[in-house]
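See below for the structure under consideration.
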Amino acid sequence: MVVEIFPPYPPELSQTQLSYLLQALTDYSLSHGLTVRPAESFISEKLSPNGALATHAPITLFPSPFPRSCWEAGRAVQKDYNELYARVAGNAEWLKKTMVELSKVDDFTARLYKVHLDVKAEGFVQPLSLGLFRSDYMLHMAAPEGPKTPPVVHQVEFNTIASSFGALSTRVSELHRHLAKMGAYPPDSIIKPENIPVSPALQGLAKGLSVAHKAYGNGGDGRSTAILMIIQPGEKNVFDQRWLEYELLEKHSVQTYRISLADVPKLTDLASSTQALIYSPPHAPNTQIEISTVYFRAGYGPGDYSGEDDWAARTTLERSKAIKCPSVITQLAGAKKIQQVLAMDGIVEGFLADKGVSSQVRGTFAAIHPLDKSPAGIAARKLALEKPDTYVLKPQREGGGNNIYRGDIPGFLKSIPESHWSGYILMELIEPPSLENTIIRNGGLMSGGVVGELGVYGAILWKDGEGEERGKGLKEIVMNEEVGWLLRTKGRESDEGGVAAGFGSVDAVLLVD
Ligand code: ADP
Ligand code: MG
């Protein structure tokens with residue numbers, strides 16, 4: 001059931017008003033780097049030699065109304081979520097049981113876990129870990145009885161690797177605020193600049209990286225230090241990443257280099273005595289840079305590993321003295337299976353000692369069930385096969401386009417060996433209120449019913465135990481902040497919402513009381 005809680009929206013525009021708004025939106029976006037590289041299917045290499053052309057990111061024409069209380073609620077729990085996932089990642093002993101089970105049914109998890117175990121056997125040399133996390137929520141009508149029941153936020157998933165669109169979230173909120181200020185929206189509409197807060201994610205994520213960089217300390221043998229970003233070859237969302245580099249260099253005087261996993265063996269080495277990660281920039285012969293922090297914007301899915309060399313590269317990085325954002329175990333802590341285990345009775349409470357804190361975090365959970373052979377798993381198997389209409393089935397994958405919805409679930413489950421079902425989780429579909437907006441992608445407009453997903457960013461730097469104490473719980477939290485938010489908006493008819501995957505758009509919140 002779709003419930004209406006927002007005032008009539010968006011405002012109606014005359015053709016002249018629409019042209020004025022579109023021109024202003026397009027020009028502002030292009031001149032302020034709210035941009036992506038166009039897909040090859042849209043523009044050929046011949047028309048964009050050397051990547052010369054950019055287009056604005058998929059964006060909404062209007063900021064989307066979002067209840068202020070829900071925006072505040074999502075932000076309020078972020079530091080607790082940061083701590084929760086840092087504590088989970090710091091406790092490899094607790095993760096072991098789930099990872100061993102998952103490894104039996106999911107090759108990618110098995111491969112990642114093996115990297116962790118291989119490096120663990122040698123001994124980790126870096127006690128610090130950096131998390132740049134994003135917790136994603138949808139508005140949920142707790143009791144869908146009409147406008148009197150305020151919505152709450154329910155968590156879709158928690159991302160511990162390559163949480164993207166931070167910089168573009170800053171730029172898109174600046175865009176919508178600017179359009180409101182310049183009078184591009186009808187003056188009698190509810191769109192007022194003071195209700196469009198600017199997301200500080202660009203600055204906050206860069207600060208997280210710079211804090212890690214400084215905590216690393218000086219390079220050995222007089223080497224200068226820098227951050228290494230691991231990127232996908234041909235990345236289209238490159239400006240979202242570049243903004244972080246610019247912020248790091250201009251505000252924090254920290255240099256960043258970008259390489260793919262395939263470049264790791266060619267361009268890096270481990271110093272034999274310290275395991276410092278030494279990077280040799282190809283454009284500057286005879287220069288050796290010591291890497292303080294490896295920031296992964298790739299490596300989250302099987303498609304990022306084209307063969308054994310890429311797995312060897314990931315292992316080299318994990319083995320190095322550089323601070324990892326994230327470490328392999330932190331990436332694994334972000335598995336959907338872990339989200340489901342955390343939702344079981346008493347688990348979050350075991351990680352977050354303060355009862356008030358753990359109950360606030362738990363208050364954002366949607367119902368998630370295992371599909372293993374536990375009593376809860378057997379009950380959920382029955383739901384999945386017989387009453388799938390209010391559920392989504394999720395494998396242990398990131399990046400969008402992997403889930404199975406509603407009526408497709410039984411057929412899908414029957415198409416795979418039953419022994420593999422435990423690699424999936426069954427999650428209740430969140431029911432967001434109705435809303436309309438227009439999404440602009442590659443210059444084309446799509447108007448109609450939309451669904452928003454609020455992502456809240458967090459930055460946390462923590463210290464794990466050393467030697468025998470590693471993996472038995474984190475030792476110290478050095479920095480922990482909530483650093484901004486992102487609204488992603490997709491067409492209501494689309495189940496998936498990934499912006500980069502081609503389903504959604506970036507949006508700003510228009511706070512409503
Ligand atoms: P991924 O790691 O691929 O991003 P997600 O868990 O975020 O996986 O799911 C992808 C998309 O599917 C989400 O952005 C959201 O649009 C939709 N989705 C996921 N879980 C739910 C849910 N419980 N209710 C409604 N939609 C969901
Ligand atoms: Mg997601």
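Arranged from highest to lowest average of other beta-carbon atoms within 10 Å per residue, in what order do the peptides 202-208, 436-442 appear?
Working: 202-208: 23.6, 436-442: 18.9.
Final packing ranking: 202-208, 436-442.
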Q) Averaged per residue, what accessible area in Å² does segment 369-429 show with a 1.4 Å probe, protein chains only? A) 48 Å²
Q. Could you name the aspartates and glutamates in cross-link range of LYS490, using Cα to Cα under 13 Å and dropping any fewer than eight places away on the same chain?
A. GLU436, GLU453, ASP507
Q | Accessible carbon and sulfur surface of segment 369-429 relative to its total accessible area, %, 1.4 Å | A | 54 percent
Q: List the GluC sites (Glu not before Pro) within segment 126-197 that fall in a DSSP loop (any state other than H, G, I, E or B) and whose Cβ has at most 15 other Cβ atoms within 10 Å.
A: GLU145
Q.
To make sure I understand the rule: partners must be aspartates and glutamates, Cα under 12 Å from the Cα of LYS266, and not fewer than 8 residues away in the same chain. Which ones qualify?
A. ASP309, ASP310
Q: With unit charges on the beta carbon (Lys/Arg positive, Asp/Glu negative), name the residue among GLY363, TYR279, HIS32 whose Cα is farthest towards the positive pole of the charge dipole of the chain.
A: TYR279
Q.
If you restrict to DSSP beta bridges whose two residues both lie in the chain, what percentage is antiparallel, to the nearest 5?
A. 75 percent
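Starting from segment 34-126, pick out the chymotrypsin sites (Phe, Trp or Tyr not before Pro) whose DSSP state is loop and whose Cβ has at most 15 other Cβ atoms within 10 Å. Kindly include the intermediate steps, with their values, before the conclusion.
Numbers: sites: PHE42, TRP71, TYR81, TYR85, TRP94, PHE108, TYR113, PHE124; in loops: PHE42, PHE124.
Here the sparse-neighbourhood loop sites are PHE42.
Treating only the Cβ atoms of Lys and Arg (+1) and Asp and Glu (-1) as charged, compute the dipole magnitude of the chain about its Cα centre; round to the nearest 20 debye.
380 debye
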Q) Taking only C-alpha pairs under 8 Å that are 6+ residues apart, what is the relative contact order of the chain in percent? A) 26 percent
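Can you give me the relative contact order of segment 1-111 as a percent, contacts being Cα pairs under 8 Å and 6 or more apart?
Working: 41 pairs, mean separation 18.6, N = 111.
About 17 percent, as a whole number.
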Q: Bin all alpha-carbon pair distances of segment 369-429 at 10 Å intervals from 0 and give each bin's fraction as a whole percent.
A: 25, 62, 13, 0
**Q.** Restraint check, LYS104/LYS463; LYS373/LYS394; LYS337/LYS387; LYS96/LYS214; LYS337/LYS472, Cα-Cα greater than 23 Å
**A.** LYS104/LYS463; LYS96/LYS214
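For ASP27, ASP188, ASP507, what's the largest-to-smallest order of accessible area, 1.4 Å probe?
Details: ASP27 80, ASP188 140, ASP507 5 Å².
If we order ASP27, ASP188, ASP507 from most to least accessible, we get ASP188, ASP27, ASP507.
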Q) Which sequence of GLU235, GLU40 reflects their accessible areas, 1.4 Å probe, from the largest down? A) GLU40, GLU235
Q.
With an 8 Å Cα cut-off and a minimum separation of 6 or more residues, compute the relative contact order for segment 369-429 in percent.
A. 45 percent
Q. Which of the aspartates and glutamates could a cross-linker span from LYS251 if the Cα-Cα distance has to be under 20 Å and same-chain partners fewer than 8 positions apart are dropped?
A. GLU174, ASP240, GLU481, GLU482
Q. So who's got an amide H within less than 5 Å of the one on LYS475, skipping anything under 5 residues away but keeping other chains? H placed 1.01 Å off N, in plane.
A. LYS463, ASP464, GLY465
Q) Which order do LYS251, LYS321 take by accessible area at a 1.4 Å probe, largest first? A) LYS251, LYS321
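The values are calculated or read from the model by the stated rules, or taken from the named source; none is laboratory data. The structure presented is a predicted model; accordingly, all values stated were derived computationally and were not measured. Reconstructed Cβ throughout: ideal geometry from the backbone, glycine too, with neighbour counts over all protein chains shown. Just the protein is used for accessible areas: all its heavy atoms, side chains included, with ligands, DNA and RNA removed. Shrake-Rupley method; radii C 1.70, N 1.55, O 1.52, S 1.80 Å.
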